[in-house]
Amino acid sequence: MSHDALAPKYVRKFQCTGSKCPDNCCHSWNVGVDPETLRGYRTNPALIAVMQDKLIDNYDLKTKESSPAYIKLNPQTGKCSLQEENGLCSLQKRFGEDALCATCDNYPRHYKMLGNDITVTLTESCPEVAKLLIDDPEAMELSFAPLELSKKPHASIIEEQENYADRYQLLQALLTLLRHRNISLEMRLFIAGLLVQRAQTLLEGDDNETSMQDLCNLYFELTNQGYFQQQARELQKTNDGALGLVILNVLVQEKPNQHAFKEELKKALDGLQITGKRPAGEEQLNKLKEAWKKHLKPFYKKQSYALENLVVNWLIRDMFPIQRQNIQDGWASIFVRYLLLRTLSSGIALQQKSFEKQDLIRLTYRFGRGVTHSSLMDKLMLELAGKDLKSNVAFARALHLN
Ligand code: SF4
């Protein structure tokens, strides 16, 4: 089914690599079956025979309505019970794509409905998506054009918040700012955080004299004049590493279910010489700095667009700042996700004594799976709020701005 859609370039290029996928999506997580497909599995005689011992009822009251059942995993391998030896889906092979539930049919796509328009992004937890995002400098170039959608596109509807036009304008300004490649990505994140903080006051009606358009133009102008460099230098003088320590100590306590993410986490903790016997401290903060200088900074120099593409993809996927009532909270979760990925990259770089594009691709899709299916981000946000570190100043201090 082809439909006009707003989508970045990489979405239009994406093709599932099927049996060639280095780590296909059919394992380790519960695939929720939507009610309509489930009815088919339980009423179509041909499907009943295949599916009756492959389903498990969902008793979770929060998700039961949208996914009344799950597809069973093979307890020995953790793989989907419908998966064949070669990694392909036996259900799809016998009955075609129409037999897939919406979860399998949609993955790795995210659909968002904004009024009558549909926006499509993909999750980086798919290896092919991670590769496209990290390989192509122009991966996030947006266009509105016909796009082949899934057979059962499951779109979440974006409620129009108050000040919709201002929020839309802010989204466009943030996209422009985050892709301003003349300055470092970390500096762009710093400026974007300042803009979000200021925009929040406008959305709350605390400043009736400035329009969102004027505010965004002012920030572009100041960015081009190098105005924020001075502020950055001042903030860096008082960097106490507090936020970095919270991230490290939350990572130490994390016990991921996803085997592949567990591997990446172990590598990172080894690289940072964190044993779990004592909390991370000054020594680990110095290691993070060492990793930045030796490995990540040179990598960013060669390929700054790789992480930029990931951040921009999160922004569009979350429809930030349109979807969020409190835009500072929305920005915080995007920003902390970035810091988390950077911290893991640092540990891995130290452990391997190198950090290349392939490492970021592998870490990205494993991170996508590990973080999406864990409470890691929630724990981190709670810790930061409890320690009063969920602020723009704390975020700015955690960046490498000079
Ligand atoms: S993870 Fe991505 S490339 Fe791999 S099988 Fe799933 S959709 Fe295809």
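What follows draws every value from the coordinates through simple rules; no lab data is involved. Please read all numbers here as calculations on a predicted model, not as lab measurements. Because the Cβ atoms are built from the backbone with ideal geometry, glycine has one as well, and the counts that use them run over all protein chains shown.
Here are some notes:
- Rule-of-thumb Rg ratio for the chain [Cα; 2.2 N^0.38 Å; N residues]: 1.03
- Stretch gain in nm, segment Asp329-Lys20, where the contour uses 0.36 nm per residue and the Cα spacing is subtracted: 107.3 nm
- Spherically averaged projected area of the range 1-160 from its Cα convex hull (nm²): 10.7
- Average silhouette area of the range 26-106, convex hull of alpha-carbon atoms, in square nanometres: 5.3
- Across the range 88-105, computed HN-Hα scalar couplings (Karplus, 6.51 cos²θ - 1.76 cosθ + 1.60, θ = phi - 60°) run 8, 8, 5, 5, 5, 4, 7, 10, x, 4, 4, 7, 6, 6, 4, 4, 5, 5 Hz from first to last residue, x flagging Gly and Pro.
- At an R0 of 35 angstrom, the distance between the Cβ atoms of Lys266 and Asp57 translates into a FRET efficiency of 0.50.
- The shape of the range 212-398 can be summarised by an equivalent ellipsoid whose semi-axes, obtained from the alpha carbon gyration tensor, come to 27, 19, 18 Å from longest to shortest.
- Degrees between helix 259-271 axis and first principal axis of the chain (Cα, 0 to 90, nearest 10): 30
- Amide hydrogen neighbours beyond the local backbone of His27, cut-off 5 Å, H modeled: Cys80
- Those residues of the range 115-156 whose amide nitrogen sits under 16 Å from the label point placed on Ser2, 7 Å along Cα→Cβ: 144-151
- Relative contact order for the range 212-398, counting Cα pairs under 8 Å that sit 6 or more residues apart, in percent: 38
- Cysteines of the chain lacking any other cysteine Cβ under 4.7 Å from their own Cβ: Cys16, Cys21, Cys25, Cys89, Cys101, Cys104, Cys126, Cys216.
- Residue-wise HN-Hα coupling along the range 176-192, computed from phi with Karplus coefficients 6.51, -1.76, 1.60 (Hz; x: Gly, Pro): 5, 4, 5, 9, 7, 6, 6, 10, 5, 4, 5, 5, 5, 5, 4, 5, 4
- Here the sum of -39500 (n - 2.57) over DSSP H runs of 4 or more residues, divided by the residues of the chain, equals -16500 deg cm²/dmol at 222 nm, to the nearest 500.
- Computed from backbone phi, the HN-Hα couplings of the range 146-161 come to x, 9, 6, 9, 5, 6, 10, x, 9, 9, 8, 8, 8, 5, 6, 6 Hz, rounded to whole numbers (Karplus: 6.51 cos²θ - 1.76 cosθ + 1.60, θ = phi - 60°; Gly and Pro given as x).
- Straight-distance crosslink candidates among lysines, where the alpha carbon sits under 17 Å from Lys387 and sequence neighbours closer than 8 are dropped: Lys379
- Based on C-alpha pairs under 8 angstrom that are at least 6 apart in sequence, the chain has a relative contact order of 21 percent.
- Here the Debye sum runs over all C-alpha atoms of the range 192-239 as equal scatterers in vacuum, and log10 of I(q)/I(0) at q = 0.18, 0.19, 0.22 Å⁻¹ comes out as -0.63, -0.69, -0.82.
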